[in-house]
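Below is one structure, written out as structure tokens; the observations come after it.
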Amino acid sequence: ANAPRWAIAHKFLANNSDLFGILTCSMCLVHCISTPLILISFSSLNTKLSMSHSWWSNLDYVFLIISFLMVYISVQTTRIKSMKVFLWLSWFSLFLVIINEKTELYEFSEYLTYLNATGLSLLHLINLKYCK
């Protein structure tokens with residue numbers, strides 16, 4: 001008997017959540033670094049184009065959701081309890097930095113976002129190599 005598609009998808013994600021986590025964090029990092037350059041380009045071109053950049057800036061939320069899912073799945077499959085805590089703390093820290101960036105509540109350096117995305121990516125790498 002064939003397994004249901006959702007079971008196959010869940011197994012695939014469970015086996016590859018750290019790889020997808022690394023990929024998502026890396027893409028998030030590229031997005032964060034390139035956003036200022038894109039915004040400068042749009043503002044120098046045309047006001048209609050600068051209005052259409054909102055889809056780009058909202059990719060932050062997409063990366064947060066995907067990285068949440070990858071942390072959730074990685075935490076279920078890791079065997080080291082402290083790694084579970086570190087993954088969640090790292091994701092929550094990235095979440096706070098990105099939400100703060102959107103609300104502009106506190107002024108932080110952009111490097112804090114880069115550091116958090118890199119940290120979460122490294123935790124996924126460590127989890128993949130040493131904790132499964």
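The values are calculated or read from the model by the stated rules, or taken from the named source; none is laboratory data. Please read all numbers here as calculations on a predicted model, not as lab measurements. Glycine also receives a Cβ, built like all others from the backbone with ideal geometry; neighbour counts cover every protein chain displayed. Remember, those area values only see protein heavy atoms, side chains included, never the ligands or the DNA or RNA. Shrake-Rupley method; radii C 1.70, N 1.55, O 1.52, S 1.80 Å.
Worth pointing out:
- Highest-fluctuation residue, Ile40, Ile66, Ile22 considered, GNM on the chain with Cα pairs under 10 Å: Ile40
- Charge dipole (debye, nearest 20) of the chain; +1 at Cβ of Lys and Arg, -1 at Cβ of Asp and Glu: 720 debye
- Under a Gaussian network description of the chain, with springs only between Cα atoms under 10 Å, the residue in Ser17, Ser82, Ser121 that fluctuates furthest is Ser82.
- Average accessible area per residue (Å²) across the chain - probe 1.4 Å, nucleic acids and ligands excluded: 66 Å²
- In the distance distribution for the stretch 69-120, Cα-Cα pairs more than 18 Å apart total 36 percent.
- For the chain, with +1 on Lys and Arg beta carbons and -1 on Asp and Glu, the positive-most of Ile33, Cys131, Ala7 along the dipole: Ala7
- The GNM of the chain, with springs linking C-alpha atoms under 10 angstrom apart, assigns the highest mean-square fluctuation among Phe92, Phe108, Phe20 to Phe108.
- For the stretch 62-74, 3J(HN,Hα) computed residue by residue from phi via the Karplus equation (6.51, -1.76, 1.60; θ = phi - 60°) reads 5, 5, 4, 5, 5, 5, 4, 4, 5, 5, 4, 6, 4 Hz, glycine and proline entered as x.
- Under the Karplus curve 6.51 cos²θ - 1.76 cosθ + 1.60, θ = phi - 60°, whole-Hz ³J(HN,Hα) for the stretch 103-110, x wherever Gly or Pro sits: 8, 6, 5, 10, 9, 10, 5, 4
- Against the chain, whose longest principal axis is taken from its Cα atoms, helix 5-45 shows a tilt of about 10°.
- Rg(Cα)/(2.2 N^0.38 Å) for the chain, N = residue count: 1.21
- Phi angles of the stretch 127-132 translate, via the Karplus equation with coefficients 6.51, -1.76, 1.60 and θ = phi - 60°, into HN-Hα couplings of 4, 5, 7, 10, 10, 9 Hz per residue; Gly and Pro are given as x.
- A helix-only calculation puts the chain at -29000 deg cm²/dmol for mean residue ellipticity at 222 nm, using -39500 (n - 2.57) for each DSSP H run of at least four residues, averaged over all residues.
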